[in-house]
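Written below as structure tokens is the structure these notes are about.
The values are calculated or read from the model by the stated rules, or taken from the named source; none is laboratory data. Quick caveat: nothing in here was measured; it's all calculated off a predicted structure. Using ideal geometry, Cβ is built from the backbone for each residue, glycine included, and neighbour counts are taken over all protein chains shown. Areas reflect the complete protein model, heavy atoms only, side chains present, ligands, DNA and RNA absent. Shrake-Rupley method; radii C 1.70, N 1.55, O 1.52, S 1.80 Å.
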Amino acid sequence: MSANTPRSPRLGERSEFLKSSHRDLNRPPVQLRLVVFGLLALLFALPLPAQDFQSRPLERLIDAPVPGGPASGGYEFALKLSPDGGALAAFDVGIFERFAIGLSYGGDGVIGYQKPDWNPAPGVRASLRLLNESIFIPALAIGYDSQGQGAWNDSLARYRFKAKGLYAALAKNFAMGSLGEISWIGGVNRNPQEEGPKRLDAFAGFDYRLFATLALLGEFTGALDDRNDPRSLGLSRGYLNAAARWLIGRQLAVDLIFRDILLNQPTAARGGAGIGREVRIVYAERLFGS
């Protein structure tokens, strides 16, 4: 192994993701980080007219994008809490009926006694729905998402779980009478920004709405761009995630997420031996329009 090849952490060590030293020159000033995080939290508290959460399209499963999102004039705020004190706040707004943009920011160790390890830059998103769903045609959207999941690693120049980057996603909904309804989602993506293989990847998943207040989510990503490379963390199994979503009232949802069920990353890279457990709170509102 050459001297320039990154060393994988030994078992028993704390993950390199949690201990990697961040280069301050590549970080926004701490004041800017706090302003971005604070603005996202402030938007969550604005007293605005309600957008019905149960009647709007789902914007994403767990990580996988879908051809949904806030309607024109609506917004969605999400706060995700992850292992090791991680926190990620995201804000998405529907500019037009088919076009939405978003911003996210967070870091590792935000909750706890340790010093927060902030992401190097805010994540940005944009999505454009090209086709609305019909009886025979699935919905189709294209977009871009730069926000990866988990802690950022400076030495590998990537998130623990890579962002989707450029993507195209299809979705088709099927009603099943008293058994609820299910949406099947599939797509392809390519991440041009993070280090490592720049291969085309694929994802698929479902959103099973069993009751008006309960949905089950699942997704699988092939992780073709996270294998067979010194900067890769995957073990060539792909990433399987699942979640249970509770709808509370008409605007609030709480997701209990189970991440990397197939244990595609080694224990040292994951920071633990088990399946990752996260909580995500999502709130939908309307900024303008009827």
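Listed values, structure above:
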| quantity | calculated |
| --- | --- |
| Pair list, Cβ under 8 Å, 6 or more apart: the range 65-81 residue polar (S, T, N, Q), other residue part of a loop (DSSP other than H, G, I, E, B) and open to solvent by 10 Å² or more (accessible area, probe 1.4 Å) | Ser72/Ile95; Ser72/Phe96; Ser72/Glu97; Ser72/Gly289 |
| Flag for Arg231 being touching a Leu at 6+ places or on another chain (Cβ under 8 Å), surrounded by fewer than 23 Cβ atoms within 10 Å (Cβ to Cβ) and more than 19 Å from Arg277 (Cα to Cα) | yes |
| Answer from Ala50, Ala121, Ala71 - the residue that is open to solvent by 10 Å² or more (accessible area, probe 1.4 Å) and either at positive phi or modelled with pLDDT of 90 or more (or both) | Ala121 |
| Matching residues in the range 89-111 - criterion: being part of a strand (DSSP E or B), open to solvent by 20 Å² or more (accessible area, probe 1.4 Å) and free of Cβ contacts under 8 Å to residues at least 60 places away in the same chain | Phe91, Phe99, Ile101 |
| Residues of the range 250-290 classified as in contact with an Asp or Glu (Cβ under 9 Å, 6 or more places away or on another chain) and outside any loop (DSSP other than H, G, I, E, B), total | 17 |
| Exclusive hit being out of contact with any Leu (no Cβ under 7 Å at 6 or more places or on another chain), open to solvent by less than 70 Å² (accessible area, probe 1.4 Å), touching a residue at least 60 places away in the same chain (Cβ under 8 Å) and of a type outside the set (Ser, Thr, Tyr), set Asp207, Asp225 | Asp225 |
| Qualifying positions in the range 261-284 - touching a Phe, Trp or Tyr at 6+ places or on another chain (Cβ under 6 Å) and either of a type in the set (Asp, Glu) or farther than 16 Å from Gly150 by Cβ (or both) | Tyr283, Ala284 |
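So that you can scan it fast, the table gives a plain yes or no per residue for (1) open to solvent by 50 Å² or more (accessible area, probe 1.4 Å); (2) more than 20 Å from Ala163 (Cβ to Cβ); (3) small (Gly, Ala, Ser):
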| site | (1), (2), (3) |
| --- | --- |
| Phe211 | yes, yes, no |
| Leu216 | yes, yes, no |
| Glu219 | no, no, no |
| Tyr239 | no, no, no |
| Ala244 | no, yes, yes |
| Leu256 | yes, yes, no |
